[in-house]
Amino acid sequence: MKYVLYLHRFFYKTINYYTLMAIKITEECINCGACEPECPNNAIYEGGNEWRFADGTSVKGMFTSKSGISADADAPQTPVAMDIYYIVSDKCTECVGFHDEPQCAAVCPVDCCVDDENWRESKEDLLAKKATLHV
Ligand code: SF4
Ligand code: SF4
């Protein structure tokens, strides 16, 4: 039994290493704002505020994101959430290339910056995303 548990942990860790996830903010957010200035990609916005690809990046002109959103980098985009802070997944690199761990999760006082199980990317994917955001 102990051996089975060890194997399970080993495979879980291995899978997580190769399939990192973007970060999302849950309903537990208390709107303290601590995470927003920590994001190296300016991927975090206050609820109700429009977001832009150009915010905090070097993206200019027409841009197509990994998820397929095509827009002028300076064009305002519809907020993802209205009442709590939110993360634009297309701009989140899980801090790969900047820091050893997601900075939003590190500073959040209520631990509501968590892995987004619907947005899996490899470390290589995240580095490639960073390269498109910061030329
Ligand atoms: S994980 Fe890093 S890049 Fe993603 S939203 Fe949080 S601070 Fe920004
Ligand atoms: S640090 Fe946490 S509680 Fe504060 S705004 Fe960000 S997600 Fe919300």
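The values are calculated or read from the model by the stated rules, or taken from the named source; none is laboratory data. Computed from a prediction, not measured in an experiment: that's the story for all the values here. Methodologically, a virtual Cβ is constructed for each residue, glycine included, from the backbone with ideal geometry; neighbour enumeration extends over all protein chains shown.
Assorted remarks:
- Just one residue in the set 121, 101, 94 is touching a helix residue (DSSP H, G or I) at 6+ places or on another chain (Cβ under 6 Å) and under 15 Å from residue 23 (Cβ atoms); that residue is 94.
- The numbered conditions (1) at pLDDT below 95; (2) within 14 Å of ligand 1 (Cβ to nearest atom) are all true for residue 37 except (1).
- Scanning the range 62-75 for residues that are at pLDDT 95 or above, within 16 Å of ligand 1 (Cβ to nearest atom) and under 18 Å from the mean Cα position of the chain (by Cα) turns up nothing.
- When residues of the range 104-117 are limited to those that are over 12 Å from residue 41 (Cα atoms) and touching a helix residue (DSSP H, G or I) at 6+ places or on another chain (Cβ under 8 Å), the one surrounded by the most Cβ atoms within 10 Å (Cβ to Cβ): 113
- Qualifying residue in the range 71-84 (condition: surrounded by fewer than 13 Cβ atoms within 10 Å (Cβ to Cβ), hydrophobic (A, V, I, L, M, F, W, C) and touching a helix residue (DSSP H, G or I) at 6+ places or on another chain (Cβ under 9 Å)): no
- Segments classed as strands (runs of 3 or more DSSP E), wholly inside the range 51-129, with at least 1 members that are of a type outside the set (Val, Ile, Thr) and in contact with an Asp or Glu (Cβ under 7 Å, 6 or more places away or on another chain): 62-64
- Taken over the range 99-115, the criterion of being within 13 Å of ligand 2 (Cβ to nearest atom) and either within 12 Å of residue 39 (Cβ to Cβ) or at pLDDT below 95 (or both) is satisfied by 102, 103, 104, 105, 106, 107, 108, 113.
- Single residue of the range 40-58 satisfying the filter (in contact (Cβ under 8 Å) with a residue 24 or more places away in the chain and more than 13 Å from ligand 1 (Cβ to nearest atom)) that is nearest to residue 94 (Cα to Cα): 53
- For the range 93-135, the set of residues classified as more than 13 Å from ligand 1 (Cβ to nearest atom), closer than 19 Å to residue 58 by Cβ and without any contact (Cβ under 8 Å) to a residue 40 or more places away in the chain consists of 128, 131, listed by residue number.
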